[in-house]
Amino acid sequence: MCIRSFAALGNSEVVNQVILWNRLFTHICTILCLLSAVLIHIIMKTYMATGSRQRARRQQALSVQGAAHPHPEAVTDPLFRDSTFFDPNDLVQVKYEMLRSVEKEDRAVVEAAEAFGLSRPVFYVTRESFQREGLPGLLPRKRGPKRPHKLNDEALAALAHAIQEAGRMLKGEELAALLEERCGVRAHPRSILRRLLPYLRQAEKKRR
């Protein structure tokens with residue numbers, strides 16, 4: 001029937017019908033492409049929003065437990081780059097991978113500490129805790145109050161030992177991290193330095 005209808009038309013009418021159908025088909029394809037793009041955009045937005053909420057909940061949980069990396073942006077190891085499993089905010093995971101990279105991949109301590117956003121003294125303290133307690137040794141210590149009496153001779157001796165291992169005077173932020181890691185005590189970097197410097201001077205006098 002369609003063939004007879006086209007035959008009844010002149011050549012120009014046939015061409016016009018073909019052009020019309022071609023345009024209609026092009027418009028339909030364009031609309032379908034636009035709808036597909038919109039659908040993909042909606043799906044991606046939904047997925048990203050869900051992932052963002054999950055990351056926010058995870059970050060909140062890490063912060064509550066004191067297990068959040070203080071400088072996740074400093075973690076540059078390839079494992080933590082655009083990964084859904086490795087999380088630079090997870091300090092326990094970061095510490096474990098730092099230790100593993102040195103022990104199993106023969107990575108230099110300085111290089112590993114830098115790649116995982118931590119310092120060399122923190123590496124040594126972490127390794128000591130892991131060797132002594134295993135994986136639980138990487139978990140955050142129970143936080144103590146920020147009171148000066150918590151900086152007792154034992155804590156100061158631990159910091160002095162860390163300075164000796166590092167071969168240099170550590171920054172206040174590094175000392176604070178070490179103090180919390182090794183002794184489970186939180187204190188302001190300035191408070192630590194106020195107590196530690198006289199302790200170091202006194203220890204130096206005793207050695208003389």
Mean Cβ-within-10 Å packing, highest first, puts peptides 88-97, 16-25 in the order 88-97, 16-25
Sorted largest first, the Cα spans of segment 74-208 on the principal axes come out in Å as 49, 32, 26
Final fewest-first order of Cys33, Cys183 on the 10 Å Cβ neighbour count is Cys33, Cys183
Unit-weight point scatterers at every alpha-carbon of segment 68-140, Debye formula, q = 0.11, 0.12, 0.26 1/Å: log10 I(q)/I(0) is -0.22, -0.27, -1.30
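Values in this text are rule-based calculations from the coordinates and carry no lab data. Please read these numbers as outputs of a predicted model, since none were measured by experiment. So basically every Cβ, Gly included, is an ideal-geometry build from the backbone, and we count neighbours across all protein chains shown.
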